[in-house]
Amino acid sequence: MNASLSYADRLKADVETLLRCSGCFGSSLSITDQFTLCCDSCGVTYPIDKEAEICSLLISYRNTDTKENIRSFWGDLYKQLYADIDGSITSNQLSDQLSDLEDMFVKRQHLAAVEMPLADLAGKKVLDIGAGSGAHSCLFRKYGADIVAVDLTPERVLSTAKKLSLVADGQGIVYQADAEHLPFRESSFDIVYSNGVLHHSENTEKCLDEVYRVLRPGGQAIIMLYARHSAVFWLNIFLRGLLSLRFFYQKEAHWVGYLTEGKPKFRGKRNPVTRIFSRGKVATLFSRFDEVSMRRSSFQLDNFAIPKLTQVRCWVYESLGINPHPGGILVYGRPYMCETPFELRLGKLIGWCWNIKARKPISDTGSAEENDEVAP
Ligand SMILES: [Zn+2]
């Protein structure tokens with residue numbers, strides 16, 4: 001696609017070739033004279049904000065209280081971590097921060113640097129599910145990917161749209177959408193990337209069905225999910241679950257959710273859902289895929305449930321001359337104390353993250369399962 005396309009032209013191209021209705025799943029959409037997206041089959045309309053360059057493809061009757069809480073929590077966390085930085089970021093600053101981010105990803109052996117084929121992204125159609133504040137999508141766009149980002153949280157959709165508009169090359173567009181009902185047609189993407197997002201859905205299985213459906217045959221899923229048998233879970237979250245008694249009266253996804261991702265300081269909502277996966281469960285989730293690889297990562301000496309341990313770890317490392325990495329600013333809102341080589345080695349055994357790479361079978365040319373739900 002031509003890199004000089006305006007937002008309206010890009011959206012029009014997506015309406016013709018990529019998007020589908022989140023309600024009836026039909027692909028006959030059009031943009032009205034009032035610049036609203038309309039489904040010609042079921043009549044549902046979707047708002048477009050031309051100024052902010054975002055379009056919401058959510059549909060009200062698929063909303064749930066849990067999804068509302070997810071939006072609220074991640075919106076709060078966005079305001080706490082990124083809103084100040086995002087407000088004034090310039091194209092040059094973003095460019096410098098993306099270079100720092102990539103350097104940090106390489107040092108941390110991150111999904112975006114190890115599994116994601118950055119040098120081979122030019123011209124590839126890439127979907128980033130749960131784009132967050134947009135940093136990963138911008139990095140892929142910098143490498144020439146034709147990037148489509150989605151997020152459930154409006155603050156993060158806005159942030160991603162703004163950052164994508166500041167990257168000089170490649171294509172990029174973001175939609176507000178639900179990973180359980182992606183608003184895209186079958187076999188649309190070369191790569192679907194999602195870093196630490198799909199375990200925050202109560203129905204990760206449905207999300208993976210959607211990943212499979214929208215991948216072209218031979219396309220790759222590059223996904224990070226949390227690992228059950230990890231130091232973070234057994235030596236921290238599980239113990240806190242027992243001590244708080246939540247273990248005894250809440251569903252696992254809910255008490256693990258409550259105890260992960262921190263506590264936002266604004267509306268004070270806690271994270272509603274975090275699921276964790278054993279190796280066997282990941283294998284089941286990806287059983288339809290070929291060439292499935294699973295790599296463990298992410299262990300730090302402050303993973304234990306001991307108060308102030310994170311501050312102690314940082315203090316000790318800084319005393320030894322190890323400084324936080326500036327690449328953390330774009331993704332954590334502050335410089336980040338990366339893992340030492342010792343921690344990286346342990347991360348391969350007891351790390352918190354499954355870095356998963358899997359290929360949709362080339363032989364699957366059109367048998368992708370349709371959504372089994374019928375629009376009301
Ligand atoms: Zn429709």
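Only the coordinates and a few stated rules stand behind these numbers; no lab work does. Keep in mind the model is a prediction, meaning the values are calculated, not measured. A quick note on method: Cβ atoms are made from the backbone with ideal geometry, for glycine too, and the neighbour counts reach across all protein chains shown.
Some points to look at:
- Panel order for ASP65, ASP290, by other beta carbons found within 10 Å of each beta carbon, from fewest to most: ASP65, ASP290.
- Taking other C-beta atoms within 10 Å as the exposure proxy, PHE277, PHE247 rank PHE247, PHE277 from fewest upward.
- Computed over the range 64-359, relative contact order equals 22 percent, with contacts defined as Cα pairs under 8 Å that lie 6+ residues apart.
- Amide H within-cut-off set for GLY172, under 5 Å, with H built and near neighbours excluded: ILE147
- Tensor-based shape of the range 1-54 (alpha-carbon gyration tensor, a/c under 1.5 rounded, otherwise prolate or oblate): oblate
- Segment PHE304-THR66, length gained on full extension (0.36 nm per residue, minus Cα span): 82.8 nm
- Calculated P(r) tail over 19 Å for the range 250-376, as whole % of Cα pairs: 68 percent
- Using a cutoff of 8 angstrom between alpha carbon atoms and counting only pairs six or more residues apart, the relative contact order for the range 1-132 works out to 10 percent.
- Whichever lysines have a C-alpha closer than 23 Å to that of LYS269, once near sequence neighbours (fewer than 8 apart) are set aside: LYS67, LYS79, LYS251, LYS308
- Efficiency of FRET from Cβ geometry, LEU235 and TYR317, R₀ 25 Å, rounded to 0.05: 0.80
- Cross-link partners of LYS124 among lysines, defined as those whose alpha carbon lies under 28 angstrom from its own and excluding same-chain residues fewer than eight positions apart: LYS12, LYS50, LYS107, LYS142, LYS162, LYS163, LYS206, LYS357, LYS360.
- Loop-located GluC sites (Glu not before Pro) across the range 37-145 with a Cβ neighbour count of 10 or fewer within 10 Å are GLU51, with loop assigned by DSSP.
- ASP40-TYR249 pseudo-label distance in nm [points 7 Å out on the Cα-to-Cβ vector]: 5.5 nm
- Calculated P(r) tail over 40 Å for the chain, as whole % of Cα pairs: 11 percent
- Residues whose amide H lies under 5 Å from that of SER297, counting only those 5 or more places away or on a different chain, are GLY351, TRP352, CYS353, ASN355; hydrogens are built 1.01 Å from N in the peptide plane.
- Per-bin percent of Cα-Cα distances, the range 1-141 [5 Å]: 2, 7, 13, 16, 18, 17, 15, 8, 3, 1
- Proportion of all alpha-carbon pairs of the range 79-157 beyond 14 Å (%): 65 percent
- Fewest-first ranking of VAL211, VAL273, using other Cβ atoms within 10 Å as the exposure measure: VAL273, VAL211
- Distance between the 7 Å Cα→Cβ label points at LYS265 and ASN92: 3.1 nm.
- For chymotrypsin sites (Phe, Trp or Tyr not before Pro), the sites in the range 288-362 that DSSP calls loop and that have at most 14 other Cβ atoms within 10 Å are PHE304.
- Spin-label model, GLU186 to ARG345: label points 7 Å out along the Cα-to-beta-carbon direction sit 5.0 nm apart.
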